[in-house]
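Okay, structure first, notes after.
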Amino acid sequence: MNFKTFFQLANWPKGPGESAPLPYPYQERFAEADTLPHLLRAPTAAGKTATAVLGWLWRWVSQKPNTPRRLVYCLPMRVLVEQSARAAEKWILALHEHKVLKEEVPVHVLMGGAETEKWYLQPEKPAVLIGTQDMLLSRALNRGYAANRFHWPIDFGLLNNDCLWVFDEPQLMGSGVSTSAQLAGLRTALGTFGPCPSVWMSATLEPGWLDTVDFRGKFVGKPLELGNDQYGDDYDSERPLYKRMTAAKTLSPLGMVATKDGKDVAAAVVKAHEKGTQTLVIVNTVDRAKAVYAAIKKEKTAPKDVLLVHSRFRPHERELLNASLQQAGVDRIIVATQVVEAGVDISARTLVTELAPWASVVQRVGRCNRTGDDGPGRVFWIDLDEEKQAMPYAAGELIKARDRLRELNGKDVSPKSLTPYKLDPAFPHTHVIRRRDVLDLFDTSPDLSGNDIDVSRFVRGDKEDIDVQVFWRDIDPKPGPDQDEPGPRRQELCAVPVGQFREFVKKREPAAFRFDYLDDAWVRVTVNDVRPGLTILLPTTAGGYDWNDGARAGTGWNADSTATVTAHPPVNKEAIEEAVGSDLNSALGKALTIAEHTENVVLEMAELVKRLGDHLPGEWLRHFANAARWHDAGKAHCAFQQGMRRANASLSVERLWAKSGTKGRLRHGRPFFRHELASALAALQHNLPFEAAYLIASHHGRTRLAIRALPGEIPPDDPNALSLYALGVHHGDKLPKVDLGGKEAETCPETSLDLGPMQIGGESSWTANALKLLAELGPFCLAYLEALLRAADVRASKKEAADV
């Protein structure tokens, strides 16, 4: 099946008498190219999302060589994520209905919080992963924002192997442009399992913006641009794109400079608004947007329908706002920030925008008379004092944009008319991640001071809008949440600038909490604790959020609001936060012995490597088999078995258990006990290769490059013994003989555990051998291998739980 037919089936009309749309010629060029371009330059509203999603999916279904099995679709703003996910789901559903797809292709949104769908459990299957640059790039750097720290290596491994990365509107991503280019170059240099190319899509991005030290010279061919060739003419006057490209709109200054209270702008906007049409006002900061919104609401001649849209809403409310944005023919004024610059399918008769960098101006103008049916469009611009009001942009960018706007005064600013006005070919790469940084970030060992390497400068830059994620719960502020208070779901999370939240904590002194993975408890947050990427729980009585469910309106995050916040959605009681000593998958409703669970994991591991065998070196197939067979041998340790029987006193003492037969937290015989460390030590002592031992130790994300003791551990009782201990394992601990399952009844003999490898130096040093393995495979490949054993283990546990 050619791409044209594939595209039509994905967009098959629902109504009678309608015809299926044809793809634009450039979309066919993209899908059917021998090698994907690095840069796709297409105007706004030209169908870039369909190009990426359907182009990749057709290539996968058609078995085009070097097509990755995962599409990672990266967007600059949260407001675009759900919209893109809905579009992808609609296309995939249509293709299933037409029996074009022979296997499931799930669409997963990566937005932080407890993910109800464990996307990482099917690494052998195709999938679409959609998220913002904050959530995706931080995960690709092994420091996932709003993600459990023990899951960082899994995300890191799967997002840097066998993926097609697509960056939509990267000109809005700040230093994310530099990081995306560097990661692309470093994947080539350091190696991956399966192809992992990147494509940047924009109307305004210049090729020189991707000219970073490790990506320089990696372009394959020229950027893909719209034109006329054997596929046809993208600007055919009979096609919708021509109408959009030539949609009439004229530019004029609004005749004022923005003010803090927004009153002058509000009055001018209401005067410019045409009754019965839609007016869109785009300003550069949330605070000014709120001020203009409030001032418009007070204007006597303003329409009744005034809407505020920005990035500081929870997904629950944002979905309601997005639904409102899709309403056509409404007499209203929408006040928004940059969240509507890209991807949001909205059209206004009148557009008012603050001065912004030229790339942003082009995107904003594209929201005026977007389809050519809302004209003649009118665009007005508001001047700024670049010395006082430039943030979040650089003053120099605003000065250049102002000169162009003055040059275009009174002229047509349709996409076709703006084509000659290019961006600056140079890009200021202020924060460039290098090879050494990626290698440093590979180590996820806990920082006992509570700090981790801050990747925010690589994710978005020095801008003030680096965020924490905040959610509200109906809890008593004084005692705070108990240990089993579930973690957040992504629908609860509200992105809040770090600086604003610090001021909120400083002035209001609310009872704020974060989960401490060492203490296995929710602990109070102080001003000094607040850092980018942190997830923070507030009682609903703390305020800080404004929304009226009845009116479906509000200002979102609002540090001045003292009203009780409505908690949304219902709490997921099973989303228990994971600490160092947690072993959530061992608290299963069905009791299973070590041998029984091990056999299930071995089967899952065999199925995985069967599907992925063409990616994996031959010797690793043997390492995976050994690791799966031995991964839970350490559960025979008395500390783990004590935890099993504390959870379920009815378990027989004659057998060694891997699953408790009850749900809830496990309390092992020693603090921080990690069975996988005991398993790895036993495997080494019985002559398994270090590669297998590494997979065993690392598959829960606790022990990777080093074996370390933690504060609060109980040292050995015997003062004469070698005082080595880590993660609840003591040098000399006895493991009884344990059945590891299998037709030949493989066993781990009785073993006295040797913690010598935790010492630095020598051939047996764990760290020395792990660093050697890292050097041989590279960080991306090694993390990918860790993710596969983790997936097999959790898949087996989920099937066991479903069989209760």
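In the chain, what percent of the accessible surface is made up of carbon and sulfur (1.4 Å probe, ligands and nucleic acids excluded)?
Numbers: 15430 of 31260 Å².
Of the solvent-accessible surface of the chain, carbon and sulfur hold 49 percent.
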- request: Equivalent ellipsoid semi-axes for the range 288-414, as square roots of 5 times the alpha carbon gyration tensor eigenvalues: give them largest first, rounded to whole Å.
  value: 24, 18, 15
task: May I ask which of Lys48/Lys222; Lys90/Lys275; Lys260/Lys298; Lys635/Lys799; Lys772/Lys799; Lys506/Lys573 have a Cα-Cα span longer than 27 Å here?
output: Lys90/Lys275; Lys772/Lys799; Lys506/Lys573
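Could I get the Rg over Rh figure for the range 1-43? Both from C-alpha atoms, Rh via Kirkwood, rounded to two places.
Ratio of gyration radius to Kirkwood radius for the range 1-43: 1.07.
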query: How are the C-alpha pair distances of the range 414-562 spread across 5 Å bins, as whole percents from the shortest bin up?
result: 2, 7, 14, 17, 16, 13, 10, 8, 6, 4, 2, 1, 0
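Given 37 °C and 0.692 mPa s, how large is the Stokes-Einstein diffusion coefficient of the range 518-624 in µm²/s, with Rh as the Kirkwood radius over Cα pairs? Let's see the in-between values first.
On the way: Rh = 19.5 Å.
After rounding, the answer is 169 µm²/s.
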statement: GluC sites (Glu not before Pro) in the range 1-105 lying in a DSSP loop, each with at most 10 other Cβ atoms within 10 Å of its Cβ, come to Glu18, Glu103
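Tell me, what does the Kirkwood hydrodynamic radius of the range 635-690 come to in angstroms if you use every pair of distinct C-alpha atoms? Numbers along the way, then the final one.
Values: mean 1/r = 0.0826 Å⁻¹.
One decimal place: 12.1 Å for the Kirkwood radius.
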- prompt: Which distance in Å, rounded to a whole number, links the C-alpha centroids of the range 214-266 and the range 563-598?
  reply: 48 Å
query: With every protein chain present, what is the per residue accessible area of the range 266-313 (1.4 Å probe, Å²)?
result: 42 Å²
- request: Could you name the lysines whose alpha carbon sits less than 19 Å from that of Lys64, not counting residues in the same chain fewer than 8 places away?
  value: Lys4, Lys102, Lys125
message: Ratio of alpha-carbon Rg to the 2.2 N^0.38 Å globular estimate for the range 185-229, to two decimals, please.
response: 1.35
message: If every alpha-carbon in the range 596-674 counts as one equal scatterer, what log10 I(q)/I(0) does Debye give at q = 0.18 1/Å?
response: -0.78
Reach of Lys388 by Cα under 20 Å, taken over aspartates and glutamates that are not fewer than 8 positions away in the same chain: Asp261, Asp264, Asp287, Glu354, Glu397, Asp403, Asp462, Glu464, Asp465
message: With only alpha-carbon atoms in the gyration tensor, what are the semi-axes of the equivalent ellipsoid for the range 193-339, in Å, largest first?
response: 38, 22, 17
- prompt: Tell me, what is the 1.4 Å probe accessible area of Asp482, in Å² to the nearest 10?
  reply: 100 Å²
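By how many nm would the segment from Asp516 to Glu319 lengthen if fully extended, with 0.36 nm per residue of separation less the alpha-carbon distance? Walk me through the numbers on the way to the answer.
On the way: separation 197, 0.36 × 197 = 70.92 nm, distance 3.12 nm.
Fully extending the segment from Asp516 to Glu319 adds 67.8 nm.
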- request: Just the number, please: percent antiparallel of the DSSP beta bridges in the chain, rounded to the nearest 5.
  value: 30 percent
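Could you state the accessible area per residue of the range 576-616 in Å², with a 1.4 Å probe and every protein chain left in place? Write out the running numbers ahead of the final one.
Working: 1450 Å² over 41 residues.
Computed with neighbouring chains in place, this is 35 Å² per residue.
Starting from 0.36 nm per residue, how many nanometres of slack lie between Ala706 and Asp305 once their C-alpha separation is accounted for?
Working: separation 401, 0.36 × 401 = 144.36 nm, distance 5.92 nm.
So the chain would gain 138.4 nm between Ala706 and Asp305.
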message: At a 10 angstrom cut-off on C-beta neighbours, averaged per residue, how do the peptides 541-550, 155-164 rank from highest to lowest?
response: 155-164, 541-550
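Using only Cα atoms, what is the ratio of the radius of gyration of the chain to 2.2 N^0.38 Å? Display every interim value, and only then the final one.
On the way: Rg = 28.1 Å, N = 804, 2.2 N^0.38 = 28.0 Å.
In units of the globular-protein estimate, the chain measures up at 1.00.
Pop out the Kirkwood hydrodynamic radius of the range 673-804 from its pairwise C-alpha distances, inverse of mean 1/r, in Å to one decimal. Don't jump to the answer; show the numbers that get you there.
Values: mean 1/r = 0.0624 Å⁻¹.
Its Kirkwood hydrodynamic radius stands at 16.0 Å.
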field: For the range 628-729, alpha-carbon Rg over 2.2 N^0.38 Å
entry: 1.10
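Leaving out ligands and nucleic acids, and using a 1.4 Å probe, what accessible area per residue does the range 671-766 come to in Å²?
Working: 4040 Å² over 96 residues.
Normalised by residue count, the accessible surface of the range 671-766 is 42 Å².
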query: If you keep only loop residues by DSSP, which trypsin sites (Lys or Arg not before Pro) in the range 374-419 have at most 16 other Cβ atoms within 10 Å of their Cβ?
result: Lys411
- request: For the range 499-576, compute Rh as the Kirkwood radius over C-alpha pairs and then the Stokes-Einstein diffusion coefficient at 25 °C and 0.890 mPa s; write the answer in µm²/s, rounded to an integer.
  value: 177 µm²/s
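When DSSP assigns beta bridges and you keep just the ones with both residues in the range 271-362, what percent turn out antiparallel, to the nearest 5?
Details: 0 of 14 bridges.
So the antiparallel bridges in the range 271-362 amount to around 0 percent.
In the range 619-722, which GluC sites (Glu not before Pro) are in a loop and have at most 10 other Cβ atoms within 10 Å, using DSSP for the loop call?
Numbers: sites: Glu619, Glu654, Glu676, Glu691, Glu713; in loops: Glu654, Glu713.
In loop regions of the range 619-722 (DSSP not H, G, I, E or B), the sparsely surrounded GluC sites (Glu not before Pro) are Glu654.
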task: Compute from the Cα atoms of the range 384-495 the Rg and the Dmax, the latter being the longest Cα-Cα distance, and quote both in angstrom.
output: 22.5, 63
- request: Just read off the accessible area of Phe690 with the full protein assembly in place, 1.4 Å probe, to the nearest 10 Å².
  value: 30 Å²
P(r) of the range 277-343 over all Cα-Cα pairs, binned every 5 Å from zero, in whole percent: 4, 16, 29, 27, 19, 4, 1
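Suppose the chain between Lys118 and Asp233 were pulled fully straight at 0.36 nm per residue; how much longer would it get relative to their current alpha carbon spacing? Don't skip to the end; give the middle numbers.
Working: separation 115, 0.36 × 115 = 41.40 nm, distance 4.28 nm.
Taking 0.36 nm per residue and subtracting the Cα distance, the gain is 37.1 nm.
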query: Averaged over all directions, how much area does the convex hull of the C-alpha atoms of the range 126-211 cover when projected, in nm²?
result: 5.8 nm²
task: Enumerate the helices in the chain for which the Kyte-Doolittle hydropathy averages -0.5 or more and the C-alpha atoms extend at least 30 Å along the helix's axis, using complete DSSP H runs.
output: 779-802
query: Over the range 583-628, what per residue volume does the convex hull of the Cα atoms give, in whole Å³?
result: 88 Å³
query: Going 7 Å from the Cα of Arg404 toward and past its Cβ, which residues in the range 360-376 have a backbone nitrogen under 18 Å from where you end up?
result: 360-368
- request: Tell me the Kirkwood hydrodynamic radius of the range 62-148 in angstroms, computed as one over the mean inverse distance between distinct C-alpha pairs.
  value: 14.0 Å
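The values are calculated or read from the model by the stated rules, or taken from the named source; none is laboratory data. No experiment lies behind these values; they were computed from the predicted model shown. Glycine gets a Cβ as well: all are built from the backbone with ideal geometry, and neighbour counts include every protein chain shown. To get the accessible areas, we keep the full protein, side chains included, count just its heavy atoms, and leave off ligands, DNA and RNA. Shrake-Rupley method; radii C 1.70, N 1.55, O 1.52, S 1.80 Å.
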